[in-house]
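Notes to accompany the following structure.
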Amino acid sequence: MPNFRTDLALESALQLGIAGKNAQRSEGVRVLEYLQEGYPVTFVTVENEEGRRAIGRNIGRYITLDLQPYFLRQTHYFPRGVRCFAQHLRQLLPPLRADSCVLVAGLGNRFMACDAVGPMVIDNLLVTRHMGDPFQPVAAIATGVAGQSGMEAADLICGAAAQISPAAIIVVDALCARSRNRLCATIQLSDTGLTPGSGVGNHRRPIDQKAMGVPVLAIGIPTVIGGAVLAEELTGTSAKPDHTLFVTPRDVDSRVRELGRLVGYGISSALQPQLTVEDITGLLG
């Protein structure tokens with residue numbers, strides 16, 4: 001099978017046959033599937049070096065939320081989605097003191113719909129570092145891309161972190177998928193950090209605990225798929241990998257706006273569990 005790129009641990013697990021209905025046991029990788037708030041969730045844990053080599057992912061935890069109930073507009077789909085997301089993000093966060101600051105960084109180009117996930121999340125995030133009690137301090141930065149600022153996202157985040165000394169960093173970025181059914185319909189959370197642009201072959205400096213000195217959680221939404229893998233998926237005919245052509249959904253702009261709101265509210269809910277969705281709406285207004 002061609003080695004098509006994907007940023008999703010779930011897709012790597014499926015390709016290796018260690019996730020899904022006919023999953024096989026694998027040493028070093030554990031997969032758990034369940035429903036929470038009506039949303040299908042897959043929890044992939046890469047436990048050791050053997051698992052890392054098998055799945056091609058760093059050691060750590062990867063949580064994938066399937067957003068089909070969201071776009072089917074099932075009952076209370078938005079608050080249920082926010083609660084599901086927030087509960088899983090809390091699992092990955094390190095212990096926080098009441099005065100511990102969390103830095104949220106939105107990566108990507110605001111003016112390119114398929115790359116605007118990060119900025120859209122920042123637009124819908126409750127920033128509280130300047131507000132004091134009773135809120136957990138949260139700061140935010142939208143890094144843009146190197147072509148806009150002349151600086152790597154990692155440099156900007158590192159500079160901000162040096163000024164405010166966060167207890168944890170949350171980075172949000174667009175991802176690349178292997179299946180068209182996951183485009184703008186999946187959220188991946190992990191505690192391994194990320195390397196911006198890796199899914200489309202444009203590797204930048206990694207943003208992880210080693211580089212930043214504090215735990216780094218990564219949140220991503222797949223918005224593009226390789227043209228060759230899409231052709232193979234649609235025709236069933238093997239295609240040669242082409243790392244220069246990527247395809248995005250026709251309605252990517254509206255979906256990214258919606259999911260930016262969902263993730264922004266979800267991060268806010270995870271960090272401010274005393275607030276309801278209505279409270280967050282009021283404070284953002």
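Observations, loosely collected:
- Among all residues of segment 193-212, there is none that is among the hydroxyl-bearing types (Ser, Thr, Tyr), free of Cβ contacts under 8 Å to residues at least 12 places away in the same chain and part of a helix (DSSP H, G or I).
- Qualifying residue in segment 254-262 (condition: on the phi > 0 side of the Ramachandran plot, open to solvent by 10 Å² or more (accessible area, probe 1.4 Å), outside any strand (DSSP E or B) and not hydrophobic (A, V, I, L, M, F, W, C)): no
- Checking each residue in segment 263-285 for being open to solvent by 50 Å² or more (accessible area, probe 1.4 Å) and under 22 Å from LEU96 (Cβ atoms) picks out PRO273, GLN274, THR276, ASP279, LEU283, LEU284.
- Scanning segment 64-85 for residues that are outside any helix (DSSP H, G or I) and crowded, with 18+ Cβ neighbours inside 10 Å turns up THR64, LEU65, ASP66, LEU67.
- Leading residue by the ranking (farthest from THR75 (Cα to Cα)) among those in segment 33-47 that are open to solvent by less than 30 Å² (accessible area, probe 1.4 Å) and in contact with a Ser or Thr (Cβ under 9 Å, 6 or more places away or on another chain): VAL46
The values are calculated or read from the model by the stated rules, or taken from the named source; none is laboratory data. These figures come from a predicted structure and were not determined experimentally. With ideal geometry, Cβ positions are generated from the backbone for all residues, glycine too; neighbour counts draw on all protein chains shown. Surface accessibility is based on the protein's heavy atoms, side chains included, excluding ligands, DNA and RNA. Shrake-Rupley method; radii C 1.70, N 1.55, O 1.52, S 1.80 Å.
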